[in-house]
Amino acid sequence: MYVLGNWKMNGSPELLERFTGPLTALQGELSSQAHIGLIPPAGLLGKFPPNCEFMLGAQDVSEYEDGADTGDTSASLLKALGCKLALVGHSERRQLFGESSARVAAKASRALKQKLTPVICLGETWEQREAGDTWQVLTDQLAPVQQQLQGELARCIIAYEPVWAIGTGKTASPEQAQEVHAWIREKIGLHQVALLYGGSVKPENADELFAQKDINGGLIGGASLDIESFEKICRAGARQNK
Ligand code: PGA
């Protein structure tokens with residue numbers, strides 16, 4: 001099971017300080033049951049001690065190699081800063097920064113070249129779900145990734161994050177999430193790929209979500225900013241041990 005905390009544009013050196021010790025200890029304790037990851041804003045990445053046991057991740061990665069791309073962060077720098085993971089295609093990047101699925105695929109490809117594991121985020125809006133377009137939206141989001149990465153998709157993690165559940169307190173029901181996860185697994189035809197659910201995961205709903213057959217963990221936003229909540233969610237992941 002994977003439990004990854006996405007701090008989004010939150011956090012500070014103080015918060016990092018508060019998390020590092022407890023999370024290192026927790027990862028040590030749960031090492032055989034859960035992979036814990038923290039995905040802070042890029043500016044905090046270099047501040048984590050090299051020996052923290054949990055995985056570090058970036059919230060985004062450039063699709064280009066090092067060069068004249070002001071504001072971007074290259075996969076090679078992320079690697080040098082100790083990252084193991086890179087989120088690509090988070091819905092906030094797609095919506096606020098106009099990232100297309102083709103660009104998301106290019107970013108995933110660049111991350112893989114540096115041996116970072118891309119966490120490819122997918123998900124439909126409420127309007128798309130209501131209109132019955134969920135499968136088409138997910139198909140369109142997956143297609144460039146499948147085309148560009150082909151067999152390398154086996155080295156990625158996929159996070160299903162219904163946009164309507166992100167930061168809204170409105171979680172997909174375990175059945176809704178399982179239905180989509182099973183569909184994604186079938187669609188990509190790679191049974192070993194970890195499929196994470198994201199969208200208002202909290203200590204109160206984590207057990208039920210993580211118990212679903214095709215859910216291999218969670219991508220946690222708001223609740224990952226509080227060490228106690230995040231620890232409870234990590235423990236819920238460890239209880240499933242799959
Ligand atoms: P949330 O965010 O847990 O605050 O809903 C999840 C995410 O966007 O990764």
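The values are calculated or read from the model by the stated rules, or taken from the named source; none is laboratory data. Worth saying up front: this structure is predicted, and the values here are computed from it rather than measured. Here the Cβ is made from the backbone with ideal geometry for all residues, glycine too, and neighbour counts use every protein chain on show.
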Legend entry - Qualifying helices (runs of 4 or more DSSP H) (wholly inside segment 77-194; at least 3 residues being within 16 Å of the ligand (Cβ to nearest atom) and at pLDDT 95 or above): 91-97, 174-188
Legend entry - Hits in segment 198-230 (condition: among the aliphatic types (A, V, I, L, M) and over 23 Å from Ser12 (Cα atoms)): Ala206, Leu209, Ala211, Ile215
Legend entry - Condition check for Thr125: of a type in the set (Val, Ile, Thr) and over 26 Å from Pro41 (Cα atoms): no
Inset, instruction - Those residues that are more than 13 Å from the ligand (Cβ to nearest atom) and within 20 Å of Ala206 (Cβ to Cβ), I need them from segment 1-24; list them, please. - result: Met1, Phe19, Pro22, Leu23
Legend entry - Among (1) closer than 15 Å to Gly5 by Cα; (2) touching a strand residue (DSSP E or B) at 6+ places or on another chain (Cβ under 7 Å); (3) among the small types (Gly, Ala, Ser), the one test that Gly199 misses: (2)
Inset, instruction - Being assigned to a loop (DSSP other than H, G, I, E, B) and among the basic types (Lys, Arg) is the filter here, so list the residues in segment 208-242 that pass it. - result: Lys213, Lys242
Inset, instruction - Take Ala182 and decide whether it is surrounded by fewer than 16 Cβ atoms within 10 Å (Cβ to Cβ) and either over 29 Å from Leu112 (Cβ atoms) or without any contact (Cβ under 8 Å) to a residue 40 or more places away in the chain (or both). - result: yes
Inset, instruction - Mind listing just one residue for me: the one in segment 206-221 that is more than 16 Å from Cys121 (Cβ to Cβ) and surrounded by 18 or more Cβ atoms within 10 Å (Cβ to Cβ) and, of those, farthest from the ligand (Cβ to nearest atom)? - result: Asp214
Inset, instruction - Just need a number here: residues in segment 195-207 that are assigned to a loop (DSSP other than H, G, I, E, B) and in contact (Cβ under 8 Å) with a residue 40 or more places away in the chain. - result: 1
